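Please read the structure below before turning to the comments.
The values are calculated or read from the model by the stated rules, or taken from the named source; none is laboratory data. Because the structure is predicted, anything quoted here is derived from the model rather than measured. Virtual Cβ from ideal backbone geometry, glycine too; neighbours counted across all protein chains shown. Quick note on the areas: whole protein, heavy atoms, side chains included, nothing else; ligands and nucleic acids left out. Shrake-Rupley method; radii C 1.70, N 1.55, O 1.52, S 1.80 Å.
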Amino acid sequence: FDHTKTKEVLYTEIPTMLRNEYHSIIANCIEEMNKEDLSKVVGDLAYHYYRCRNLEKGLKYLMSAAETAKKGYSITEGIRFCCEALGLIGEEGFIEERLKILSSLGELCRIAGELDDCCDYYNKLLRLSEEVGNDTKRIEAYHNIGLVHKRRNEWDKAVENLEKSLNVAKEIKDLRSVAENYYDLGYIHERKGDYDTAVKYFGYALENAVNAGDRIVIAGAYRAFG
């Protein structure tokens, strides 16, 4: 039974309810045997709880596995875990979980350089965050859509989305996001050769970063001045 096709045929011939029960038994055993340290088996738990359609534990371990995959630069695997999590929760409800999954998918696709998919997931995140009034996720979505356009040298579209992110960040007084958006706007104007505007934005970025205690943007702003 070592051949992959043989395994696939045998697996698909198992009745669905029985197959789900087997996955559940295996997942419970793995969880019990490794309860002192689940970190090494989180991928296996995600797989089996997803296969037996255990919503609570499947979602928990799929997202944990996706985060582990991202940290280990296994980006394709991380995307797969997130997509499975999205499929597991379906089309209705689970708003907070859906926001988190879409955010993770956008970030993973950006890291992978899959910019079309990245933009698609962040647009979905934007629409959902607007529906439920989640300003933090609106800021994130607009900002990252702007970064995609920035990466493509599509300056006008980048500025449009970064300014939308900036405006929402100002409304809720999210100084860290204000600083990040000003920094990216400054970078774009620098690339366009508009150095006066770039210096102005880097100054705003530095001011807000100091107030927010964001040492990364502080360092970036000083480097940009230099």
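For the reader, a short list of remarks on this structure follows.
- Charge-dipole axis of the chain as Lys and Arg at +1 and Asp and Glu at -1 on Cβ define it, positive-most pick from CYS52, TYR222, PHE202: TYR222
- Accessible-area ranking of ARG53, ARG152, ARG215, largest first, probe 1.4 Å: ARG215, ARG53, ARG152
- In the range 31-126, the C-alpha radius of gyration followed by the widest Cα-Cα span (Dmax) gives 13.3, 42 angstrom.
- Surface calculation, 1.4 Å probe, protein heavy atoms: VAL9 sits at approximately 80 Å² accessible.
- Taking a Cβ cut-off of under 10 Å around HIS23, the surrounding Lys, Arg, Asp and Glu residues balance to a net charge of +2, with basic ones at +1 and acidic ones at -1.
- Given a 1.4 Å probe and the protein chains as shown, MET63 ends up with an accessible area of around 30 Å².
- Cβ-isolated cysteines (cut-off 4.7 Å), the chain: CYS29, CYS52, CYS82, CYS83, CYS119
- Violating pairs (Cα-Cα greater than 30 angstrom) within the set LYS60/LYS164; LYS70/LYS157; LYS100/LYS164; LYS7/LYS57; LYS71/LYS192; LYS164/LYS200: LYS60/LYS164; LYS71/LYS192
- Placing one equal scatterer on every Cα of the chain and applying the Debye formula, the log10 ratio I(q)/I(0) at q = 0.11, 0.15, 0.16 Å⁻¹ is -0.67, -1.01, -1.09.
- Solvent exposure of the chain amounts to 58 Å² per residue of accessible area, where only protein heavy atoms count and the probe is 1.4 Å.
- Ordered by solvent-accessible area of protein heavy atoms (1.4 Å probe), largest first, the residues PHE202, PHE94 come out as PHE94, PHE202.
- Accessible-area composition of the range 1-88, carbon plus sulfur, in percent [1.4 Å probe]: 56 percent
- Sorting 185-196, 75-86 by average packing, meaning the other beta carbons within 10 Å per residue, from highest down gives 75-86, 185-196.
- Stokes-Einstein translational diffusion, the range 118-226 - Kirkwood Rh over all Cα pairs, 1.002 mPa s, 20 °C, in µm²/s: 156 µm²/s
- Rounded to the nearest 20, the size of the Cβ-charge dipole of the range 105-226 about its Cα centre is 240 debye, with Lys and Arg at +1 and Asp and Glu at -1.
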